[in-house]
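For reference, the structure discussed in these notes is given below.
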Amino acid sequence: MNSFVERFIKRPPTLFPLVALFHLALLVYSIFNAWGEPFTSSIWIQPLWMAAYTFAWLFVCDMKRWAAYTYIGITTADLAVHFIDSSRYYESSLFLIDVLFSMILMAYIKRF
């Protein structure tokens, strides 16, 4: 357990665990917002995106290169869906922030 905490908090830059907490908070918030709807409703798409973002970022905090590429891929897919789907039913909760986080990852990817 001690090595996990050391790898998760002490090894990456200070910003990475803070972003992980941000993702966890948004995941809990999106699940809370969708809680009253049936699971087959389209409102559950947002918590699924947030779960993917959170899962990938937790491994980014462990300094895994594949996790950084996965996060960038999820961001790219989310932006593609956002721009292709012109309906008002899909709103990305991390529309521009995920792009910023992906740029930060690209700046640190050589250190992974």
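The values are calculated or read from the model by the stated rules, or taken from the named source; none is laboratory data. None of these values were measured; they are calculated from a predicted model. Here the Cβ positions follow ideal geometry from the backbone for every residue, glycine too, while neighbour counts run over all protein chains shown. These area figures cover heavy atoms from the full protein model, side chains too; ligands, DNA and RNA do not enter into them. Shrake-Rupley method; radii C 1.70, N 1.55, O 1.52, S 1.80 Å.
Observations on the structure shown:
- Cβ separations smaller than 6 Å between residues 6+ apart or across chains give no pair from the range 26-55 residues that are within 25 Å of Leu100 (Cβ to Cβ) to residues that are open to solvent by 100 Å² or more (accessible area, probe 1.4 Å).
- Options Asp62, Asp98; residue that is at pLDDT 80 or above, of a type outside the set (A, V, I, L, M) and assigned to a loop (DSSP other than H, G, I, E, B): Asp62
- Here Met63 passes the criteria (1) loosely packed, with under 14 Cβ neighbours inside 10 Å; (2) on the phi > 0 side of the Ramachandran plot except the one numbered (1).
- From Leu18, Leu26, residue being within 11 Å of the chain's Cα centre (by Cα) and of a type in the set (A, V, I, L, M, F, W, C): Leu26
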